[in-house]
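What follows is a set of notes on a single structure, which appears directly below.
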Amino acid sequence: MLPELYCGGGARVAARLRARELLSGRLEAHPDFLSVESEGKWLGIGEIRDLILWARYAPVVGRYRVALLGPAERLTAEAANALLKLLEEVPPYLAVILYAEAPDRVIPTVRSRSTLRFAPSPLGAWREALQRAGYDAKETEFILSLCEERPEEIENFLEPKRDVFLELEEAKREAEGLSLSELFLRFSGEATDPLRRRALSEVIFGKLLGASSFQILRAAEVLSKTGAIRDFLWELLRILREKLEKEDPSHPLWQSWARKISLARGEIEANANLRLLAEVVLLWPRKG
């Protein structure tokens, strides 16, 4: 199979989706998938040597082994030269998928040995993937908004197709009988699923408005210990923004609470006291 080079703003998304297509499902922990990616640093000769060694072996469970590499413009000259040998003689079972946001900065010899594919914006690539998976327009836009801060979580919805609105309502019904402290424990355990995270957040929001100060303080202690406070603050902020957009744009409590949450998210990065931070945020509706 000829190496493929995805270019443009949505290059990484499109490249990952192509890898999923070849491996027929999730990439995480797949024995025939290798990610050689850089977050702001150069890809050196060591990473490429590891890739070449990995590529010697046939697939474990499927038809292909898939190597995802990028950004291709971050390859050092030595690494690119080593990669050329693999690109010139790709084993029939190996798919090498590269991506680059700036294709003009990819070494010409690497670019010339790859099939160029131009990707849409990341949002456009995800929208197309959801539509191919069978979601209608309403479901697609809901999932995109659900994963707005972490678009890579959209992969949770690609296979198998999920009945998102039914799942959301069922998850909320399951959560209604739990206390605030129990809800935060469950939130921590299910924070990797954006749909269940959203359902639990909506139930928590409703309970916060009617809970006693004692219940809220106990819940704040639980939240601060779970490690999920950042995820919860994002969900809470999104709920408030939706209320301001759809219900009352001038609601003073929603406005001030949303501002406090925005500040709190920054304070987490500054190593604030998480328990105190959780207490202040959760008790905020009682400020007045």
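The values are calculated or read from the model by the stated rules, or taken from the named source; none is laboratory data. Here the structure is a predicted model, which is why all the values come from computation and not from measurement. Cβ coordinates were reconstructed from backbone atoms using ideal geometry, including for glycine residues, and neighbour counts include every protein chain displayed.
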Note on residue 139: of the conditions (1) within 23 Å of residue 17 (Cβ to Cβ); (2) surrounded by fewer than 17 Cβ atoms within 10 Å (Cβ to Cβ); (3) not aliphatic (A, V, I, L, M), unmet is (2)
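Between 36, 13, 66, 61, which is in contact (Cβ under 8 Å) with a residue 12 or more places away in the chain, more than 16 Å from the chain's Cα centre (by Cα) and over 18 Å from residue 87 (Cβ atoms)? Lay out the reasoning, then the answer.
Details: 36 fails: over 18 Å from residue 87 (Cβ atoms); 13 fails: more than 16 Å from the chain's Cα centre (by Cα); 66 fails: over 18 Å from residue 87 (Cβ atoms).
Residue meeting the stated conditions: 61.
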Picking from 238, 230, which residue would you name as being assigned by TED's automatic domain parsing to the domain that holds residue 174, basic (Lys, Arg) and buried (at least 18 other Cβ atoms within 10 Å of the Cβ)?
238
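If you scan segment 218-231, which residues turn out to be in contact (Cβ under 8 Å) with a residue 60 or more places away in the chain and within 20 Å of residue 263 (Cα to Cα)?
So the first thing to find is which residues in segment 218-231 are in contact (Cβ under 8 Å) with a residue 60 or more places away in the chain, and the list is 219-220.
Listed by number, the list holds a single entry, 220.
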If the requirement is being assigned by TED's automatic domain parsing to the domain that holds residue 37, within 29 Å of the chain's Cα centre (by Cα), surrounded by 14 or more Cβ atoms within 10 Å (Cβ to Cβ) and farther than 13 Å from residue 36 by Cα, which of these qualifies: 87, 94, 98?
94
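Taking the criterion of being part of a strand (DSSP E or B) and surrounded by 12 or more Cβ atoms within 10 Å (Cβ to Cβ), would at least one residue in segment 44-57 satisfy it?
Filtering segment 44-57 for residues part of a strand (DSSP E or B) gives none.
Within segment 44-57, none of the residues are part of a strand (DSSP E or B) and surrounded by 12 or more Cβ atoms within 10 Å (Cβ to Cβ).
Give segment 101-131 a look and list any residue that's of a type outside the set (Gly, Ala, Ser), surrounded by fewer than 16 Cβ atoms within 10 Å (Cβ to Cβ), over 19 Å from the mean Cα position of the chain (by Cα) and assigned to a helix (DSSP H, G or I), or say none.
Applying the first criterion (of a type outside the set (Gly, Ala, Ser)) to segment 101-131 yields 101, 103-111, 113, 115-118, 120, 122-123, 126-128, 130-131.
Filter once more, so that each one left must be surrounded by fewer than 16 Cβ atoms within 10 Å (Cβ to Cβ): 104-105, 108-109, 115-116, 118, 123, 131.
Subsequent filtering for residues that are over 19 Å from the mean Cα position of the chain (by Cα) retains 104-105, 108-109, 115-116, 118.
Result: 104, 105, 108, 109.
Among the candidates 187, 205, single out the residue that is within 20 Å of the chain's Cα centre (by Cα), under 30 Å from residue 154 (Cβ atoms) and of a type in the set (Phe, Trp, Tyr). Walk me through how you get there before you give the answer.
Values: 205 fails: within 20 Å of the chain's Cα centre (by Cα).
Only one candidate qualifies: 187.
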Of everything in segment 148-161 that's surrounded by fewer than 19 Cβ atoms within 10 Å (Cβ to Cβ) and under 24 Å from residue 23 (Cα atoms), which residue is modelled with the lowest pLDDT?
159
Counting just the residues of segment 28-42 that are under 20 Å from residue 53 (Cβ atoms) and out of contact with any Lys or Arg (no Cβ under 6 Å at 6 or more places or on another chain), which one comes out modelled with the lowest pLDDT?
29
